[in-house]
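What follows is a single structure, written as structure tokens, with notes after it.
The values are calculated or read from the model by the stated rules, or taken from the named source; none is laboratory data. This one's a predicted model, so the numbers in the text were calculated from it and none came from an experiment. Reconstructed Cβ throughout: ideal geometry from the backbone, glycine too, with neighbour counts over all protein chains shown.
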Amino acid sequence: MKNTCLLLICFGSVFNIIAAENTTEEFVSLKEKVNRAIIKVEQTQRELWSYNISRYENEEGDITSSIEQYSPQANEQWLLKEINGQLPTKKQIKNFVKKKQEQTSKAKPGNHIQLKLRALINQESLSLVSTDEKNIVMAFNVNLKKLGEDAIGKLQGQLTYQKEYQFIEKISIWNNSDFSPMFTAKITDLAITFTFLHINGAVLTKQNKMNMKGSFAYFTEINETSLDTFSDYHYQGKQAQ
């Protein structure tokens, strides 16, 4: 009986060691996949692609929409094609161009990636959620500095890694508790989704969506939905010889 117990203890220790090794290998593999996928995004020269952006925003029932076009080789790189379903006026075009110029002047040289995946995705916290023939779904911790210190530990993240082209196809972020991004503001519901396209080795934004609810100054309701959809991507740089 004693010998049997000793054998069970020994086998149990061995199985625990093997399980720990498999968990470590799994984590390293996930981290490598995600890191390479992030590098693909970082190496994509988005400024060399032309595209359209369809924007929609609903703030407490106040709905606005627009269609914009970016063409890197044009004299005016940004063009406002439509605003709230109508052709834009000269004043609207002037304000639009001025806003884009201000955004460009504030951006660092060569920095055309608005979404910093390396900062957004805590790679040390990656864990496997599910996997199938096409995708791997992973969970991770989120730390968005723009949302304030109170949001730390109250946000969850999940990404979908597409196996065939080895890129991050989708990122979802949501809150698991109320948080305050600033004084007198409280966010009760937050859901953010980013989706991406893989075109000839480049990883480009497909859609950004955000739903947010809460309150500001205790009495003002926050109920906002925004949706940016990117389309008609065409590479405008020189093709490799």
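For the reader, a short list of remarks on this structure follows.
- Among residues of segment 174-217, those that are in contact (Cβ under 8 Å) with a residue 40 or more places away in the chain and either surrounded by fewer than 15 Cβ atoms within 10 Å (Cβ to Cβ) or in contact with a Leu (Cβ under 6 Å, 6 or more places away or on another chain) (or both), counted: 2
- Residue list for segment 55-78, filter: among the β-branched types (Val, Ile, Thr) and either in a loop (DSSP other than H, G, I, E, B) or touching a strand residue (DSSP E or B) at 6+ places or on another chain (Cβ under 6 Å) (or both): Thr64, Ile67
- Considering the conditions (1) in the same structural domain as Phe196 (by TED's automatic domain parsing); (2) surrounded by 14 or more Cβ atoms within 10 Å (Cβ to Cβ), Trp78 is excluded by exactly one of them, (1).
- Test result for Lys91, touching a residue at least 40 places away in the same chain (Cβ under 8 Å) and either outside the structural domain of Phe183 (by TED's automatic domain parsing) or not in a strand (DSSP E or B) (or both): no
- Condition check for Gly153: outside the structural domain of Ser50 (by TED's automatic domain parsing) and more than 24 Å from Asp228 (Cβ to Cβ): yes
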